[in-house]
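Let me begin by presenting the structure, written as structure tokens, before commenting on it.
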Amino acid sequence: MAWFKKEKYTISKKVKVPEGLWVKCDGCREIIYRKEVEKNLQVCPKCNYHFRISAIERIQLLIDEGSFKEIGGNLTSMDPLNFKDQVPYKERLKDAQKKSNMKEAAIAGETLIEGYPAMLIVLDFAFMGGSMGSVVGEKFALTSEKASEEEVPLISITSSGGARMQEGILSLMQMAKTSAAIAMFKKGVMPYISILADPTFGGVTASFAMLGDIIIAEPKSLIGFAGPRVIEQTIKQQLPDGFQRAEFLLQHGMIDMVVNRKDLRQTIIKLLSMIVGGEKVKT
Amino acid sequence: MPYYLDFEKPVAELESKIEELKRLADGGDMNIASEIKRLEKKAKDLRANIFSKLTHWQKTLIARHVERPQTLDYIGLIMEDFIELHGDRCFADDPSIVGGFARFSNVSVVVIGHQKGRGTNERIWRNFGQPHPEGYRKALRLLKLAERFKKPVITLIDTTGAYPGIGAEERGQAESIARNLFEMSILRTPIISIVIGEGGSGGALALGVADRVLMLEHSVYSVISPEGCAAILWKKDGNELTQEEYEKASESLKLTAQDLFEMGVIDEIIPEPVGGAHRAPKDTASDVKKTVRRHLSELMENSIDTVLEERYRKFRVMGAIKKELA
């Protein structure tokens, strides 16, 4: 079966940080020895800035090793609008596939987390900004429907600029499709846990990502509906410090918790053990 | 004095000439009368000609026309006994979304729509029809009332988009939209949505998860505005974007009613009089009424479970996907 093959998805050599021995942290602007960042799950040891990581890395951080079975892996995008741009959409897709080593912006599948079966879907910012077009929407709907059928929890990790412009109105409709799929899923008793990573915006935030029964964010992730630049241009004011960061959303009651990457798996396990775990009173 | 868009200028010139002649013809000079008739026919043909080959960008401008009928105009023209309800019971009343109970062809319904407003003061008060979260939450409250009292819902869509501002983000703009998509997809009462002007992205869709989605002939519906799209694609180091780029962007986005109908995203196009809905609001409204009535009676004949199953399928199948062979 399509278990994760190490040789196909080796990530340690293909990290999305500038080349070289040293990395500049986007959080504190410090220059840090790269190995140190890698050892620390791509988190800055100085300021706890969480670097963006690939979907594969996120999956590996969360699941029981070797337990992931991909679904919808054969789905790829078309160019329904014949979208005109300097670089044709089809070319952009090919570039993104090469660059990210993925076929689309999301990977979905069934998996085990500390033995708990779950359905998992993860968006990857490296693939056209993690944008949601028809394929991402379809994978999400498939994943959610399968979670309903098999009565297992649903978990998503998002890192996305929003709906994919190049698929026009069809991208917008993925917001309706994914939200409707969540509405179906929530008729059951299993939880939907939504994890927001840097950045999560637009049509992704305004659909499934904000519909989690429990919503978790990585520290300092930028999360919102409209991008900060658009807001700044609209209101013609400087935005306050920390605006649209995970901590800001926590303060305003939009998410349940901010969790460090290194604690994410344990947090999920704890939640799953609470929600889908045993019910017997110990006597 | 009606407001003309740039590409309507030839018609505008003719019409002002006709007006002038009419003033002169007060005495009843037969020669002038026939000249007026000739010019009126010419103006009509010219307008029909212009409107038969509108570009995507021109359609966008018509969809945004300041004189275009808005939600409250349609409510006044096709419904009776409208009682407006206010507030989200959490934070505020958002005047960029209006809604309440009304009678439509003898059926009491819940009607909700974006309202852009007219004149500077009203437009500012209504935030140019760009809702904050409290607007969507008011809409949701009304949707829930409709469900409980078993009243069908009619929504009218006309917004540039949800407002991008600090307060909007603080109060959960994204969550409020997501919540509406979620709840509308399972709301146990028939829903009909009509895009009457601008369907701007998520802020429009938040009133648009419906059993029937209809669009007026010159309305647009898009994931991003042509200006936003052009800025992403072509804006480099502060250069000003021109109409040419907006033309290209709107064409790329395929945002007209005709495009969406072809893609199977909407169910029907409601025709507009030549020159656009604002040239003959009553005629437009009467077509809207006829079309909505037909869809509503169809929906009300079915069991709500069937309606809901079909609503789920409707959005479930949207998208263009290729399945690669393993």
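Taking into account only those residues within the range A:235-267 that are assigned to a helix (DSSP H, G or I) and exposed (fewer than 14 other Cβ atoms within 10 Å of the Cβ), which is nearest to the other protein chains (Cβ to nearest Cβ)? Don't jump to the end; show me each part of the working.
Quick first cut of the range A:235-267, residues assigned to a helix (DSSP H, G or I) only: A:235, A:246-251, A:261-267.
Restricting the remaining residues to those that are exposed (fewer than 14 other Cβ atoms within 10 Å of the Cβ) gives A:251, A:262-263, A:266.
Values: A:Gln251: 9, A:Lys262: 27, A:Asp263: 25, A:Gln266: 27 Å.
Among residues in the range A:235-267 that are assigned to a helix (DSSP H, G or I) and exposed (fewer than 14 other Cβ atoms within 10 Å of the Cβ), the one nearest to the other protein chains (Cβ to nearest Cβ) is A:Gln251.
Mind checking whether some residue in the range B:302-316 is surrounded by 14 or more Cβ atoms within 10 Å (Cβ to Cβ), over 25 Å from A:Leu81 (Cβ atoms) and away from every other protein chain (no Cβ under 14 Å)? Yes, because at least one residue in the range B:302-316 is surrounded by 14 or more Cβ atoms within 10 Å (Cβ to Cβ), over 25 Å from A:Leu81 (Cβ atoms) and away from every other protein chain (no Cβ under 14 Å). For the range A:92-142, filtering for residues that are under 14 Å from the mean Cα position of the chain (by Cα), assigned to a helix (DSSP H, G or I) and β-branched (Val, Ile, Thr) leaves 1.
Residues that are surrounded by 15 or more Cβ atoms within 10 Å (Cβ to Cβ), in contact (Cβ under 8 Å) with a residue 40 or more places away in the chain, on the phi > 0 side of the Ramachandran plot and assigned by TED's automatic domain parsing to the domain that holds B:Tyr74 do occur in the range B:261-283.
Contact map, the range A:219-232: first residue more than 10 Å from every other protein chain (Cβ to nearest Cβ), second residue of a type in the set (S, T, N, Q) and surrounded by fewer than 22 Cβ atoms within 10 Å (Cβ to Cβ), Cβ cut-off under 9 Å, separation 6 or more or different chains; pairs are A:Pro219/A:Asn48; A:Pro219/A:Asn260; A:Lys220/A:Asn48.
Sub-6 Å Cβ pairs linking a first residue in the range A:75-93 that is more than 7 Å from chain B (Cβ to nearest Cβ) to a second residue that is of a type in the set (D, E, K, R) and open to solvent by less than 60 Å² (accessible area, probe 1.4 Å), at least 6 apart or interchain, are A:Tyr89/A:Asp79; A:Lys90/A:Asp79, ordered by first then second residue.
Residues that are open to solvent by 50 Å² or more (accessible area, probe 1.4 Å) and in contact (Cβ under 8 Å) with a residue 60 or more places away in the chain within the range A:268-283 comprise just one, A:Ile275.
Out of A:Glu149, A:Glu114, A:Glu104, A:Glu110, which single residue is in contact with a Phe, Trp or Tyr (Cβ under 8 Å, 6 or more places away or on another chain) and open to solvent by 10 Å² or more (accessible area, probe 1.4 Å)?
Working: A:Glu149 fails: in contact with a Phe, Trp or Tyr (Cβ under 8 Å, 6 or more places away or on another chain); A:Glu114 fails: in contact with a Phe, Trp or Tyr (Cβ under 8 Å, 6 or more places away or on another chain); A:Glu104 fails: open to solvent by 10 Å² or more (accessible area, probe 1.4 Å).
The unique qualifying residue is A:Glu110.
Within the option set A:Phe201, A:Phe125, being more than 14 Å from chain B (Cβ to nearest Cβ), within 29 Å of A:Val87 (Cα to Cα) and open to solvent by 10 Å² or more (accessible area, probe 1.4 Å) holds for one residue only, A:Phe125.
Output yes when any residue across the range B:217-234 is in contact with a Pro (Cβ under 7 Å, 6 or more places away or on another chain) and more than 8 Å from chain A (Cβ to nearest Cβ), and no when none is. So that I can check it myself, show each step before the final result.
Of all residues in the range B:217-234, those in contact with a Pro (Cβ under 7 Å, 6 or more places away or on another chain) come to B:217.
Cutting the leftovers down to more than 8 Å from chain A (Cβ to nearest Cβ) gives us B:217.
Looking through the range B:217-234, at least one residue is in contact with a Pro (Cβ under 7 Å, 6 or more places away or on another chain) and more than 8 Å from chain A (Cβ to nearest Cβ).
Within this structure, B:Ser297 fails the test of being of a type in the set (Gly, Ala, Ser), within 11 Å of chain A (Cβ to nearest Cβ) and either more than 24 Å from B:Thr155 (Cα to Cα) or surrounded by fewer than 20 Cβ atoms within 10 Å (Cβ to Cβ) (or both).
Across the range B:29-59, the qualifying residues are those that are part of a loop (DSSP other than H, G, I, E, B) and in contact (Cβ under 8 Å) with a residue 40 or more places away in the chain, and the one among them that is least open to solvent (accessible area, probe 1.4 Å) is B:Leu54. For the residues A:Phe208, A:Phe225, the requirement of being open to solvent by 10 Å² or more (accessible area, probe 1.4 Å) and touching a Phe, Trp or Tyr at 6+ places or on another chain (Cβ under 9 Å) singles out A:Phe225. Picking from residues in the range B:173-188 that are surrounded by fewer than 23 Cβ atoms within 10 Å (Cβ to Cβ) and over 12 Å from B:Ala139 (Cβ atoms), the one that is farthest from the other protein chains (Cβ to nearest Cβ) is B:Arg188.
The values are calculated or read from the model by the stated rules, or taken from the named source; none is laboratory data. All values derive from a computational prediction rather than experimental measurement. Every residue, glycine as well, gets a Cβ built from its backbone with ideal geometry; the counts of neighbours run over all protein chains shown. The protein model used for the area step is the full one, side chains on, heavy atoms only, and it has no ligands, DNA or RNA in it. Shrake-Rupley method; radii C 1.70, N 1.55, O 1.52, S 1.80 Å.
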